[in-house]
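Comments concern the structure below.
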Amino acid sequence: MKNTEKLEKIIASFGNPFAETGFDKSLFIQEILDIFQDEKEISAAGRLVTKREHGKSGFAHISDHTGKIQIYAQLDTLGEGFNLYKDLDVGDIIGVRGKLFTTRTGESTILVSEIKLLAKALRPLPEKWHGLKDVEVRYRQRYLDLISNPDVRDVFIKRSEIISLTRDFFNRYKYMEVETPMLHRIAGGAAGKPFATHHNATDSDVYLRIAPELYLKRLLVGGLERIYEINRSFRNEGVSARHNPEFTMLEAYCSYQNYEYMMNLCEELFVFLCEKINSAIVIEYQGKKIDFTPPWQRISFAELFKKEFDVDSSDPQEVMLEKISKKLNLAKGLSRSQILNITEELIEKNYPEDKPAFIVDFFTWTSPLAKKKKDNPNLVERFELFIAGLEIANAYSELNDPIEQRVRFSEQLKTEEELPKKIDNDFLLSLEHGMPPAAGLGIGMDRLVMVLLNQPSIRDVILFPLLKSLPSE
């Protein structure tokens, strides 16, 4: 029920709290606690999270995103302002000024000399708000989740730190951060079904990007040798503990390097993040210890499939798909995304997950943008990085031959069911002007955050994950 009666009473006596345009707070609450000194004048602001009265005085706590602090209000000090304190409800946003002191129980406290209501909570916080458990409410009303669960708030603060540290890492190696379009005339750069929309002004169909790869490679052609983008990408696919249709990726490209370089860079980046976030390179994820100490294990995709499905890298694609489909009792062929799902299952079944693993030796037909191996043209210079059974990263020695790339795109269109049947001729035109040999890396940042912060679901690391609509919506 909306608490409008209390609001009307407060407006009549103290004015409309929603008319306030700000409050001059000295520091965040944790900073106040860190520099705590008795008798120090301080101002603080935040949400009222506890409140208790004792006649002509009362104790309460206010919190912001850094922590909470106790406040002490008394009639003798506040005068008329004490009546405002008595009318406050848990959930209200307030600002206070006063002196710091320590209670007899040793708690750091603000003796309030001035109090202001900055926003009235018209609805109460959820029952047992200090431990909101209903996952549907948590994901749909993330604001309540953040108020109720400090551990959740800490996850998203650390997520922001991980993104910042990743930028620091690439900047240190003189990579330049760039921005590329989110609206594409031709969907490409990865496997996946795109979201389609229409641009009215140019009367043209466009797609939300499924990956920024083809635009980033155009920049390699243009002479930008080390580039990265932390980007939002979109795939019109299902939702699960590992998938959200809107997600965050990092893509990085380095001219004159290959996929072996990107393996070393991955190891260095992830060790750097583990040490900064967890102060250790052996961490726990969902009950499993994962040791990030380099070098990481390498597993051959081709050997995995030969052992499981009796396919050889020299077999034609049609023969491979037939053998795999027969073994799995499938009526029709497999898409590349299904091949990836099978790979995840095989890795989980056959290999320990106590260390990250680079999956190498992918079939050429599964990797239309990767360069062939010199000693075996049926395989490509590519790896996928798996950590705790999760695919976290994908990297290639990038194909820079425009003639072969056109052939690969044409072959891809024959089998790819989800992408529109169009070839990006402008991208091929750029390659015809010459792209240096290069290595490219894509990292699923949401999944990386899951692992580093020991979160079971991608929904726990995305502030507003996409959910099924409720009947009332």
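Numbers below:
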| item | result |
| --- | --- |
| Accessible-area value, residue 40, 1.4 Å probe, nucleic acids and ligands omitted, Å² | 80 Å² |
| Projected area, mean over directions - the chain, Cα convex hull, nm² | 28.6 nm² |
| Filtered GluC sites (Glu not before Pro), region 120-219: DSSP coil and at most 10 other beta carbons within 10 Å | 127, 179 |
| For region 1-43 and region 365-384, distance of Cα centres in Å | 61 Å |
| Cα-Cα P(r), region 82-169, percent of pairs per 10 Å interval | 14, 27, 33, 22, 4, 0 |
| Measure of compaction for region 289-373 (Cα Rg per 2.2 N^0.38 Å) | 1.17 |
| Highest to lowest packing among 276-287, 138-149, scored as the average C-beta count within 10 Å | 138-149, 276-287 |
| Rounded D (µm²/s) - region 386-466, Kirkwood Rh over Cα pairs, Stokes-Einstein at 37 °C, 0.692 mPa s | 209 µm²/s |
| Residue-count net charge about residue 228 - beta-carbon cut-off 10 Å; Lys, Arg +1, Asp, Glu -1 | -1 |
| For the chain, calculated [θ]222 nm from helices alone, where every DSSP H run of n ≥ 4 adds -39500 (n - 2.57) | -10000 deg cm²/dmol |
| Cα-based shape type of region 1-118, given that a ≥ b ≥ c are square roots of the gyration tensor eigenvalues and the cut on a/c is 1.5 | prolate |
| Estimated vicinal HN-Hα couplings, Hz - region 367-372 in sequence order (Karplus 6.51, -1.76, 1.60; Gly, Pro = x) | 9, x, 10, 9, 7, 5 |
| Fraction of the pair-distance distribution of region 419-473 above 12 Å, Cα-Cα pairs, percent | 78 percent |
| Protection-proxy order for peptides 224-231, 403-410, 196-203, each taking the mean of Cβ atoms within 10 Å per residue, highest first | 224-231, 403-410, 196-203 |
| Separation of alpha-carbon centers, region 159-214 and region 220-295, rounded to whole Å | 16 Å |
| Shape category assigned to region 103-222 from the gyration tensor of Cα positions, a/c cut at 1.5 | prolate |
| Square roots of 5 times each gyration tensor eigenvalue, C-alpha, region 330-401, largest first, Å | 22, 17, 10 |
| Sorted peptide list for 442-455, 251-264, criterion being average Cβ within 10 angstrom, highest first | 442-455, 251-264 |
| Surface/4 of the Cα convex hull for region 211-258, nm² | 4.0 nm² |
| Accessible area of the chain divided out per residue, in Å², using a probe of 1.4 angstrom | 49 Å² |
| Region 222-333 - convex hull of the alpha-carbon atoms, volume per residue in Å³ | 220 Å³ |
| For region 435-473 and region 69-108, distance of Cα centres in Å | 42 Å |
| Surface share of carbon and sulfur [accessible, 1.4 angstrom probe, percent] for region 261-335 | 50 percent |
| Debye-sum result for region 23-76 in log10 I(q)/I(0), which assumes one identical scatterer on each alpha carbon, at q = 0.16, 0.18, 0.20 Å⁻¹ | -0.50, -0.63, -0.76 |
| Prolate/oblate/rounded call for region 305-443, Cα gyration tensor, a/c under 1.5 rounded | oblate |
| Kirkwood hydrodynamic radius of region 193-286, Cα pairs, Å | 16.4 Å |
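The values are calculated or read from the model by the stated rules, or taken from the named source; none is laboratory data. These figures come from a predicted structure and were not determined experimentally. Don't worry about glycine lacking a Cβ; one is built from the backbone with ideal geometry, like all the others, and counts go over all protein chains shown. To get the accessible areas, we keep the full protein, side chains included, count just its heavy atoms, and leave off ligands, DNA and RNA. Shrake-Rupley method; radii C 1.70, N 1.55, O 1.52, S 1.80 Å.
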